[in-house]
Amino acid sequence: MSSNTDLYPEPSIDTILPFGEIFRPLIGPSYLSEADLKKMLSKRGIYVGRADLITPILLSCIFSPKEFAFLQDKQRTKENDRKYRTENHSWINAEITLSDALDQIQVPLDLIPDDSPFTIEGGIQSYSVEDKEGNVVSFDLPTRRMDLSQVWAQRKTIHPGKLIIKLDKDKKTLEYIAERTSAESGEAVEILKKFIHSQFREFKYVSLDSIENRILFRSFSNEQRIKFMLDLTTGDGTGGFEFNEIINLEIGFDNQKKVPEDIVWMKDTVKKSILNGKRLHGAKYLIDSSYHECTIIESIEAVYEFNYGGNIGKCVIEYGFPKCLSAKMDDIIQFEVRVGTPRFNKNFSGSSKSVEQYIWKKFDEIKTRVYSNMASILDQ
């Protein structure tokens, strides 16, 4: 006799498109933004004002192959793009190189907990020295995401992560550069960074009371944050890296601040406003200072033009303070940069990763200069 299981087999993702609850992993804690999901719904003539209604509506839909491919592509693209965070500390031992200091540290085999949903492919390997002096090193952390629930959107995949550590030429400033793709690779980088820094403190290479220098959401007033983020829409002054335009802007309003009369209605009704288009650096929320006291920018997507050894192209860079509009008051939200895939005017046969590194370095130089120029204001 056939069982009910035989008569009504579980739906297979190899033969049908997912729907209902089985679809949740793709649109839940993912790299699909609210703007991506609203865009797809708008193509169906569905316009959603409240963010909390997006997921229930999507779970009630049956998607076409084209719509499903659109969401998959968005997820894959944003997760594969490299994101960067930096932090600086004071180095107090000028007699030792960074590589010699690291040689005194033994990274434990169980640094990543056994119950973690990810592992480091091949384990944490020894660092690579990136300069002749031994003061720039990197750890590659290819992170394997574990499929504990066997849901279709969370197959076992490997996501690059990297921790770069630099000691400046005067041996006074230690810099950590966290490079990640997925959330899991970012967590792996953070775990290794915290362990190494704790060892540096124990060996007294950094002072015990050293204050980390990170760019945090709470370090700015609303006006200062807007100034900082808009001052990044510039170039390096050489023609090798120049700002072109803002194409996406995610903003909200601070309920504790006075707002101009024309947007009073938005203060308690709109949690986030997403502007998508061209030349948005001319939007009134950005150019009119009367809006700055009450406006919170969560992220900016901007197009930059670059010249990499005579190869000219464009690249989208997204930067800001992820999910700051939905965060709690005491959450620590760090400034993050996502570098998109470079697009060249002509065929390019070189390494796209090298170009991405070039673009990141150029943008980071601008970021460092802008933030340093604002330091005296932020200290007040």
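Go through 92, 167, 105 and say which Cα lies farthest out towards the positive end of the charge dipole of the range 82-202; charges sit on Cβ, +1 for Lys and Arg, -1 for Asp and Glu. So the residue we want is 167.
Dipole check for the range 82-202: with +1 at the C-beta of Lys and Arg, -1 at the C-beta of Asp and Glu, and the Cα centre as origin, the magnitude is about 460 Debye. Let a ≥ b ≥ c be the square roots of the eigenvalues of the Cα gyration tensor of the chain; is it rounded (a/c under 1.5), or, if not, prolate (a/b larger than b/c) or oblate? Judged from the Cα gyration tensor, the chain comes out oblate (a/c at least 1.5, b/c at or above a/b).
Spin-label pair residue 42-residue 198: with each label point 7 Å from Cα along the Cα-Cβ axis, the two points sit 4.7 nm from one another. Qualifying trypsin sites (Lys or Arg not before Pro) in the range 338-380, where qualification requires a DSSP coil assignment and no more than 16 other C-beta atoms within 10 Å, comprise 346.
Based on DSSP H segments of at least four residues, each scored -39500 (n - 2.57), the chain has a per-residue ellipticity at 222 nm of -8500 deg cm²/dmol.
With a/c under 1.5 counting as rounded, go ahead and sort the range 158-253 into rounded, prolate or oblate using the C-alpha gyration tensor (a ≥ b ≥ c being the square roots of the eigenvalues; past the cut-off, prolate if a/b is larger than b/c, else oblate). Taking the square roots of the gyration eigenvalues as a ≥ b ≥ c, the range 158-253 is prolate.
Here the label points at residue 106 and residue 132, each 7 Å from Cα along the C-beta direction, are separated by 3.5 nm in the simple model. In terms of surrounding Cβ atoms within a 10 Å radius of their Cβ, 374, 266, 40 rank from fewest to most as 266, 374, 40. For the chain, modelled as a GNM whose springs connect Cα atoms under 10 angstrom apart, the maximal fluctuation among 354, 299, 221 occurs at 354.
Residue exposure proxy: 315, 294, 324, ordered by other Cβ atoms within 10 angstrom of their Cβ from fewest to most, comes out as 324, 294, 315.
A simple spin-label model places the labels of residue 172 and residue 328 3.9 nm from each other, with each point 7 Å out along Cα-to-Cβ.
Checking every one of the trypsin sites (Lys or Arg not before Pro) in the range 189-255 against DSSP loop status and a limit of 10 other Cβ atoms within 10 Å picks out 204. For the range 157-240, what relative contact order do you get, as a whole percent, if you take Cα pairs closer than 8 Å and at least 6 residues apart? Contact order relative to length: 19 percent.
Panel order for 138, 326, 60, by other beta carbons found within 10 Å of each beta carbon, from fewest to most: 60, 326, 138. Take the alpha carbon atoms of the range 208-260, find their center, do the same for the range 153-187, and report the distance between the two centers in whole angstrom. Rounded to whole Å, the Cα centres lie 22 Å apart.
Counting only Cβ charges, +1 for Lys and Arg and -1 for Asp and Glu, the dipole size of the chain around its Cα centre is about 1060 debye.
Since every read-out is calculated from the coordinates, none of them should be taken as a lab result. A quick note: this is a predicted structure, and the numbers were derived from the prediction, not measured. Cβ coordinates were reconstructed from backbone atoms using ideal geometry, including for glycine residues, and neighbour counts include every protein chain displayed.
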